[in-house]
Amino acid sequence: YFKGPELLVDLQDYDYSLDLWSLGCMFAGMIFRKEPFFYGHDNYDQLVKIAKVLGTDELNAYLNKYHIELDPHLAALVGRHSRKPWSKFITVENQHLAVPEAVDFLDKLLRYDHQERPTAKEAMAHPYFFPIRNAESSRSRS
């Protein structure tokens, strides 16, 4: 449920940014109260679930950038989907968790292109973590 697109499309060159994708999957499950967020039954179905949320235009741009050709059967399964706005996943039950900073953080983590994801250090600097950093700094001053 946490495999990144680079593994699902057989990109041979992947790095630590894969961990940020996995973090994004877990984070989406937490803030939207839907775990696992991408519930695929196998690798092909997993990519379909991702494409239904992030859209196929972005997937195709990613595939083209890295000169990847999908298996024809997988391409047929994936089909065509427009990107769903994150607001579609916000409900009365999760709106207290899906605050704007959380959704922005999630949006930066769940990118097809691993080069567009933040590094772990950049992720920790995201405004979503400001309240924690502020609490830590005020605790260390007292």
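Things worth noting here:
- Relative packing of peptides 78-85, 112-119, 6-13 - highest average C-beta neighbours within 10 Å first: 112-119, 6-13, 78-85
- Unit charges at the beta carbon, dipole of the range 77-124: most positive-side option, L110, V92, H81: H81
- When the Cα positions of G4, F37, A61 are compared along the charge dipole of the chain, F37 comes out farthest toward the positive end, with charges on each C-beta of Lys, Arg, Asp and Glu.
- Per-residue Cβ neighbour rank within 10 angstrom, fewest leading, D45, D71: D71, D45
- Using C-alpha pairs under 8 Å with a sequence gap of at least 6, the mean separation divided by the residue count of the chain gives a relative contact order of 29 percent.
- Here's the list of lysines a cross-link from K88 could span, going by alpha-carbon distance under 19 Å and ignoring same-chain residues fewer than 8 apart: K34, K49, K52, K108.
- Modelled FRET efficiency - R0 22 Å, D107 with R141, Cβ distances, 0.05 increments: 0.10
- Each peptide in 90-103, 30-43 receives the mean, over its residues, of other Cβ atoms within 10 Å, and ordering these scores from highest gives 30-43, 90-103.
- Between 0 and 90°, nearest 10: helix 130-141 axis offset from the chain longest Cα axis: 30 degrees
- Inter-label distance, Y44 to M26: 3.0 nm, where each label sits 7 Å from its Cα along the C-beta direction.
- The chain - charge dipole about Cα centre, Lys and Arg +1 at Cβ, Asp and Glu -1, debye rounded to 20: 640 debye
- In Hz, Karplus ³J(HN,Hα) per residue of the range 95-108 (6.51, -1.76, 1.60; θ = phi - 60°; x = Gly, Pro): 4, 6, 9, 8, 6, x, 5, 5, 5, 5, 4, 4, 4, 6
- Rounded if a/c under 1.5, otherwise prolate or oblate - the range 88-142, Cα gyration tensor axes: oblate
- Of Y128, Y44, Y16, the sequence from fewest to most neighbouring Cβ atoms within 10 angstrom is Y16, Y44, Y128.
- If R0 equals 25 Å, the separation of the Cβ atoms of K34 and N64 corresponds to a calculated FRET efficiency of about 0.25.
- FRET efficiency, D57 to L97 (Cβ-Cβ, R0 35 Å, nearest 0.05): 0.80
- Against the chain, whose longest principal axis comes from its Cα atoms, helix 17-32 is set at around 70 degrees.
- Karplus-derived HN-Hα couplings along the range 67-75 (A = 6.51, B = -1.76, C = 1.60, θ = phi - 60°), whole Hz, x at Gly and Pro: 6, 10, 10, 6, 3, x, 5, 5, 4
- Equivalent ellipsoid dimensions for the range 1-60 as semi-axes, Å, which come from the Cα gyration tensor, largest first: 18, 14, 11
- Counting every pair of alpha carbons in the range 1-127, the share spaced more than 18 Å apart comes to 51 percent.
- Each of F89, F105, F130 has some number of other Cβ atoms within 10 Å of its Cβ, and from fewest to most they run F130, F89, F105.
No value in this document is a laboratory result; all are computed from the given coordinates. Since we're looking at a predicted model, the values are computed, not measured. Cβ sites come from the backbone with ideal geometry, for glycine too, and all protein chains shown count toward neighbours.
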